[in-house]
Structure formats: C-alpha cells, structure tokens
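Remarks on the structure that follows.
The values are calculated or read from the model by the stated rules, or taken from the named source; none is laboratory data. Here the structure is a predicted model, which means the values were calculated and not measured. Cβ placement follows ideal geometry from the backbone for every residue including glycine, while neighbour counts extend to all protein chains displayed.
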Amino acid sequence: MKCTGSIDTREVEELYINIDPIQAGGRLTNEAQKAVIAYSDGYSVCDNCLKPFRLDYIRKPPIAEFHEDCAKWLNMDQLRVVPGARRGFQAVASSLVQKGDPVILTALSHYTEFVSVEQSGGIPCEIPKDENNHITGDNAAERIEEVIAKFGKTPPLLYVEHVDYQYGNIHDIKGIVKAAHQYDIPVLLNGAYSVGVMPVDGKALGVDFIVGSGHKSMAAPAPSGVLAANEEYADVVFRTITAKGDVTGRTFGIKEVEMMGCTLMGVTVMGLIASFPEVQKRVTEWDREVEHSRIITDALTSIEGTVCQSDSPREHTLTRINTIESFDKVAQNHKKRGYFFSSELKKRGITGVIPGSTRVWKYNTYGLTRKQTDHVAASFREIAEDNCLSVI
Ligand SMILES: Cc1ncc(COP(=O)(O)O)c(C=O)c1O
C-alpha cells in the first residue's frame, strides 16, 4: 500500500470508550490540541530564543517557566523536557554508568530501562519481586549486597517503577530509597504511570531523579517527557559541553551534553505545557480515579472464575486481570473464538482490549466519567451473563 498522506479520523477516541492500558493518561486536553495547531511549524518555539540560546531559557512561549514550575510541582530541584521517558533514562545512565558497572533495576522494570543500561555498557541486575508482585526495601537491600559482593563494586544507579506496567501496583519507594542510600546509590524513579495522573513528591519519596512520560501520563503529544533531578546530581546530568573545535577554536556555549543541546521543539513541548494546568488539577482528583478503577475491577471479579492479579482493592487505574476460567472458557466454544470478547465490547462502545485476548490482559480506567465507568462495569457483567457465566 502506498502512503497517500491522507489521514482518517481516529475512531478509537472519537467513537469509543477507550480502556487501552497505555493510552489513558496521554489523551490531549483541549488546550493542548489548540497549542499543537498554533505551534505546528518545526521550529515554532524558537521565534524568541534569545541569549542564552537554549530551549529551557525561552520565556515566550513560557518554556522556562514550565521548567521551573514542573520541577517545583514534583518537589525536585531541576527539570528538563525530554523526548519520552526513555530519553530520561538514557541521559541518567549515560552520565552515571561506566562500562562493566552493575546497575540495579527490578523484576518489573520496563525494557527501555534495560536499553539505557546496555547503551552505557552497564550490566543489569534485577531485584526480584515478592509473592505479592511487589518490589520491597528488604529485597532491594538483599540484592544490593549480593551485587556488591559479586562485582566488587557499588552500583552507580538503581531504577525503580513508582507504578509498574505489568500489574499497576504502587511500590514501596521510600523503603527502596532507604536501602539504596545506605550504599550511596542514587535512585531513579520511573514515573511513567504516576507523574501526571497521581500526586508525586520527589523529596517526600527521597528519590534522586524522577522521569515522567508526557504521552503516557501528562496529556501530551509523543514523544515527550520530563527528567527531574535533585541538586546533588543536576550538575552531572545537565552538564554543559566543554568540547572545542580544534581547527576553528569554536566553543558551544551552554548546550547540555545529555540533552543534545535542545530537546523538544514545537508540538511536543507546547502540548505538554498547554496541558500542565489541567494535569496539576487532575492529580488532586486521583481518589475519584481510584474509585472508578475499583468499580470496574469489582464488576469483573464478580464474574465467576475471574481473578484480579493486581493489588486488590485497586490503588491505581491500570489493572491486570485473569479471565482464563471465565471469558476464555467461553472463547473455546465460540465461533469467533477469543475475538468474541473484543467484539462484544465494541458493540457496547468500548475498545482498548487487545482483540483475541481472553486469558490475561490489562486495562486502564483513567479519565472515564462516572457514567462511562458504570457502563463499562455493566457491560462486562452483561457479556458474562449473555454467555452463561455466573455473576455474583
Ligand atoms: C513503565 C514504563 N516505563 C517507561 C516507558 C517508556 O516511556 P516513553 O514511551 O515515554 O519513553 C513505558 C512505555 O510504555 C512504560 O510502560
């Protein structure tokens, strides 16, 4: 097929309630949609890039202010915008990890963390999860000791998910930080599923870095994100270039090495900034989101044979559910096989569950209204009853 450049409307968002596990927190606000159009030209944010020539100093549009305000909001000392959470991991690993260094991550770490470790020549060492699918301070301490004994050196970095992508569980960050700091290991908090949807306080958690994903949880276009650091590490990660042209003698001012000079331009940074007021407001309404998550999860677990594999009652909107003994049993004898489930959901105006999956799958209820929540909950029950599954 040839790309003609003509783009259809995106039905998923226009016509359906979307419970896709990764998309919920990244939907743009109306303000971001307006900003995206206004700043759609490539270098549009550079109209007023005056000395010093760097993205985070631009005051019109208020990019400098966003950097200050967003750092404050996360209770961290300094912040930069980055093209996705993964680029935040990359900047930190590239600054702190040397070839052959052991680096601590967890049994629930995202692949992009592993990629950043590999790029820097580090050796990934995972903290195992416990029987409740949690990463604990005790397990972290034990693993750190083991790794130091094995490699004969202290890991330069530890990554931990605030909320992991497999279960949507919230982990004991304070306990893990306590363990890491006993060995002077800095902690990077992966806030891909927390920054922008729930309250996050870097100083209260005690972390050294926070990484957030704009397109996952801050109502921003992709690829966007934030990297925040505390004062102790800011100078290292946000160091400026010292290289000089050996023939021309040129120097390059205050460009930051890990940021490749400047990062987000145009649509991405302006979408992130335009959504920021709404994002700050919505994290204060987290309790309501959790309530909606519980309503839907309760509906699913009221279907005989269905097991919630995430923490219960839910504390987050991302949930992993096991329907092997319920919807998958129906699928075995259904003419549409596993596709019956997504097709029944679609008939009811719901999308986001991978077509064909009826065994273990994830959904995210973030951003649903109460009416939509009740409709999704009732739909799961109805599909079960229509297919002779008992609902308690
Ligand atoms: C837990 C987690 N961390 C990091 C990432 C990467 O985020 P980004 O796409 O912003 O680089 C993802 C994306 O799926 C994720 O689920």
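Some observations on this one:
- Residue, surrounded by the fewest Cβ atoms within 10 Å (Cβ to Cβ), within the stretch 64-103, restricted to residues that are within 16 Å of the ligand (Cβ to nearest atom) and farther than 27 Å from Val279 by Cβ: Ser94
- Residue list for the stretch 186-201, restricted to those being within 15 Å of the ligand (Cβ to nearest atom) and part of a loop (DSSP other than H, G, I, E, B): Gly191, Ala192, Tyr193, Ser194, Gly196, Val197, Val200
- Condition met for Lys153 (more than 16 Å from the ligand (Cβ to nearest atom) and not in a helix (DSSP H, G or I)): yes
- Those residues of the stretch 202-221 which are touching a strand residue (DSSP E or B) at 6+ places or on another chain (Cβ under 9 Å) and within 13 Å of the ligand (Cβ to nearest atom), in sequence order: Ile210, Val211, Gly212, Ser213, Gly214, His215, Lys216, Ser217, Met218, Ala220
- Some residue of the stretch 105-113 being within 16 Å of the ligand (Cβ to nearest atom), among the small types (Gly, Ala, Ser), assigned by TED's automatic domain parsing to the domain that holds Glu258 and assigned to a helix (DSSP H, G or I): no
- Condition met for Asn322 (modelled with pLDDT of 95 or more and either touching a Phe, Trp or Tyr at 6+ places or on another chain (Cβ under 6 Å) or more than 21 Å from Gly305 (Cβ to Cβ) (or both)): no
- Any pair with Cβ under 9 angstrom, 6 or more apart, that starts in the stretch 71-94 at a residue that is within 12 Å of Lys203 (Cβ to Cβ) and ends at one that is of a type outside the set (D, E, K, R) and within 12 Å of the ligand (Cβ to nearest atom): Ala71/Val226; Leu74/Gly191; Leu74/Val195; Leu74/Gly212; Leu74/Val226
- So Lys362, is it at negative phi, surrounded by 21 or more Cβ atoms within 10 Å (Cβ to Cβ), in the same structural domain as Arg320 (by TED's automatic domain parsing) and of a type in the set (Lys, Arg): yes
- Here the stretch 170-185 is the region considered, the condition is being assigned to a loop (DSSP other than H, G, I, E, B) and out of contact with any strand residue (DSSP E or B) (no Cβ under 7 Å at 6 or more places or on another chain), and the residue that is nearest to Ala85 (Cα to Cα) is Asp172.
- Number of the exception - Ser116 against (1) in contact with a strand residue (DSSP E or B) (Cβ under 9 Å, 6 or more places away or on another chain); (2) touching a residue at least 40 places away in the same chain (Cβ under 8 Å); (3) part of a helix (DSSP H, G or I): (2)
- Hits in the stretch 172-199 (condition: under 21 Å from Val279 (Cβ atoms) and among the small types (Gly, Ala, Ser)): Gly191, Ala192, Ser194, Gly196
- Subset of the stretch 236-260 that is touching a strand residue (DSSP E or B) at 6+ places or on another chain (Cβ under 9 Å) and free of Cβ contacts under 8 Å to residues at least 24 places away in the same chain - its residue that is surrounded by the most Cβ atoms within 10 Å (Cβ to Cβ): Val257
Residues are listed down the side, and each one gets a yes or a no for (1) over 16 Å from the mean Cα position of the chain (by Cα); (2) of a type outside the set (Phe, Trp, Tyr):
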| position | (1), (2) |
| --- | --- |
| Leu227 | no, yes |
| Tyr233 | yes, no |
| Val236 | yes, yes |
| Ile254 | yes, yes |
| Met260 | yes, yes |
| Val307 | yes, yes |
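- The stretch 367-392 residues that are of a type in the set (Gly, Ala, Ser), paired with ones that are part of a loop (DSSP other than H, G, I, E, B) (beta carbon under 7 Å, 6 or more apart): Gly367/Arg27; Ser379/Arg348; Ala384/Ser326; Ser390/Glu304
- Residue among Ala274, Ala299, Ala331 that alone is part of a helix (DSSP H, G or I), more than 18 Å from the chain's Cα centre (by Cα), in contact (Cβ under 8 Å) with a residue 24 or more places away in the chain and assigned by TED's automatic domain parsing to the domain that holds Ala222: Ala274
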